[in-house]
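Trainee: Once you've had a glance at the structure underneath, I'll fire off some questions.
The values are calculated or read from the model by the stated rules, or taken from the named source; none is laboratory data. As the structure is a computational prediction, the values presented were derived from the model and not from experiment. As a convention, Cβ positions derive from the backbone with ideal geometry for all residues, glycine included, and neighbour counts pool all protein chains shown. Accessible surface areas use protein heavy atoms only, side chains included; no ligands, DNA or RNA. Shrake-Rupley method; radii C 1.70, N 1.55, O 1.52, S 1.80 Å.
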Amino acid sequence: MENSILVIGIAGGTGSGKTTLMNNLIGKFQDVVTVLSHDNYYRRHDELTYEQRCQLNYDEPASLETELMARHLDRLRHGEAIDCPIYDFTIHNRSDKTMRIVPKKVIIVEGILIFENEALRNLMDIRIFVDTDADIRLCRRIARDVTKRGRTLESVLTQYQQTVKPMHERYVEPSKQYAHIVVPEGGKNLVALDMITGRIQRHLEDVCDTKV
């Protein structure tokens with residue numbers, strides 16, 4: 001079953017344009033694409049208060065239950081549906097709800113640290129790293145966290161200086177070496193988008209030919 005499913009990993013630093021690239025691909029192939037986001041696999045911390053959860057380092061690999069994500073992705077590759085956790089950034093904890101995800105011909109796995117974990121990255125057929133200037137990434141992160149996640153500007157900047165930037169340099173940037181394709185400027189890079197689109201189209205055609 002997994003031979004008929006193409007798994008594409010999209011990684012890169014915070015605010016690099018991963019989501020824009022992913023949304024462009026979904027727009028072209030929406031009926032055959034399913035998405036698995038690393039953000040939903042942040043560990044549950046019911047034992048901590050909200051204030052304590054705010055102090056955790058969410059930019060290091062240990063903050064994510066990547067081993068569960070790898071198991072879920074492997075099941076999807078084998079044609080099995082999963083119940084994916086849902087993370088609520090407004091409370092810095094997992095929601096009590098889950099999200100049913102069914103496998104489709106193309107699975108997009110996205111997240112900052114998805115190439116850092118060997119077991120997870122080995123489940124991907126194509127690994128794409130979105131590479132964008134640090135200043136641009138910071139501006140995008142501020143806009144996202146303030147408007148969509150209810151954060152203050154001060155808290156965003158403090159987190160960036162204390163954990164986001166050093167963890168990017170320690171874990172995210174080095175994981176670029178595992179990418180098959182490095183895309184400058186994310187979804188705005190139309191040449192790269194055309195190349196990736198063409199690869200997905202060939203996969204879909206191959207699947208159809210196999211079934212005939």
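Trainee: Per 0.36 nm of contour for each residue apart, how much would the distance between ARG144 and LEU204 grow if the chain were fully extended, relative to their Cα-Cα spacing?
Mentor: On the way: separation 60, 0.36 × 60 = 21.60 nm, distance 3.37 nm.
That pair, ARG144 and LEU204, stretches by 18.2 nm at full extension.
Trainee: Could you state how much accessible area CYS208 has, in square angstrom rounded to the nearest 10, with a 1.4 Å probe and all protein chains kept in place?
Mentor: 70
Trainee: Now a separate question. Considering the values (i) 29, 21, 15; (ii) 55, 20, 13; (iii) 32, 18, 15, which represents semi-axes √(5λ) of the Cα gyration tensor in Å as calculated for the structure under consideration?
Mentor: Looking at semi-axes √(5λ) of the Cα gyration tensor in Å for this model, the match is (i).
Trainee: Can you give the convex hull volume per residue for the Cα atoms of the range 96-162, as a whole number of Å³? Mind showing how you got there, number by number?
Mentor: Details: hull volume 11.2 nm³, N = 67.
Convex hull volume per residue, Cα atoms: 167 Å³.
Trainee: Follow-up question, since we're still on this one. With every protein chain present, what is the per residue accessible area of the chain (1.4 Å probe, Å²)? Walk me through the intermediate numbers first.
Mentor: Values: 10850 Å² over 212 residues.
Result: 51 Å² per residue.
Trainee: From the backbone phi of the range 190-199, what are the Karplus-calculated ³J(HN,Hα) couplings (6.51 cos²θ - 1.76 cosθ + 1.60, θ = phi - 60°) in whole Hz, Gly and Pro given as x?
Mentor: 5, 5, 5, 4, 5, 5, 5, 4, x, 5
Trainee: If ligands, DNA and RNA are left out, what is the accessible area of VAL146 with a 1.4 Å probe, given in Å² to the nearest 10?
Mentor: Counting only protein heavy atoms, the figure is 60 Å².
Trainee: A further question on this structure: If TYR171, TYR87 are ordered by their accessible area, calculated over protein heavy atoms with a 1.4 Å probe, which sequence runs from highest to lowest?
Mentor: Numbers: TYR171 60, TYR87 15 Å².
Largest accessible area first, the list is TYR171, TYR87.
Trainee: What ranking of GLU154, GLU67, GLU60 comes out by heavy-atom accessible area, probe 1.4 Å, highest first?
Mentor: On the way: GLU154 140, GLU67 85, GLU60 65 Å².
The residues order as GLU154, GLU67, GLU60, largest area first.
Trainee: While we're looking at this one, here's another question. On a 1.4 Å probe surface of the protein chains, which of THR163, THR147, THR49 comes out largest in accessible area, and what is the full order?
Mentor: Values: THR163 25, THR147 110, THR49 70 Å².
Most to least solvent-accessible, the answer reads THR147, THR49, THR163.
Trainee: If I model a spin label as a point 7 Å beyond the Cα along the Cα-Cβ vector, how far apart are those points for THR98 and CYS54 in nm?
Mentor: Reported label-point gap for THR98 and CYS54 is 3.1 nm.
Trainee: Let me ask you something else. Please turn the phi angles of the range 68-74 into ³J(HN,Hα) values with the Karplus equation 6.51 cos²θ - 1.76 cosθ + 1.60 (θ = phi - 60°), one per residue in order, whole Hz, x for glycine and proline.
Mentor: 5, 4, 4, 5, 5, 5, 4
Trainee: Same structure, new question: To check you understand DSSP bridge types, tell me what percent of the beta bridges within the range 26-121 (both residues inside) are antiparallel, rounded to 5.
Mentor: In the range 26-121, DSSP labels about 60 percent of beta bridges as antiparallel.
Trainee: On to the next question. Efficiency by 1/(1 + (r/R0)^6): what FRET value for LEU157 and ASP31, r their Cβ-Cβ distance, R0 = 41 Å, to the nearest 0.05? Can you show the working numbers first?
Mentor: Details: r = 41 Å, r/R0 = 1.00.
For LEU157 and ASP31, the calculated efficiency is 0.50.
Trainee: Over the Cα atoms of the range 87-212, how large are the radius of gyration and the largest Cα-Cα distance (Dmax), in Å?
Mentor: 17.7, 58
Trainee: Next question. With 31 Å as the limit, write out which pairs from LYS148/LYS176; LYS97/LYS176; LYS105/LYS165; LYS97/LYS188 have Cα-Cα distances beyond it, or answer none. Let's see the in-between values first.
Mentor: Details: LYS148/LYS176 28 Å; LYS97/LYS176 33 Å; LYS105/LYS165 35 Å; LYS97/LYS188 34 Å.
Going by Cα-Cα distance, LYS97/LYS176; LYS105/LYS165; LYS97/LYS188 fall outside the 31 Å limit.
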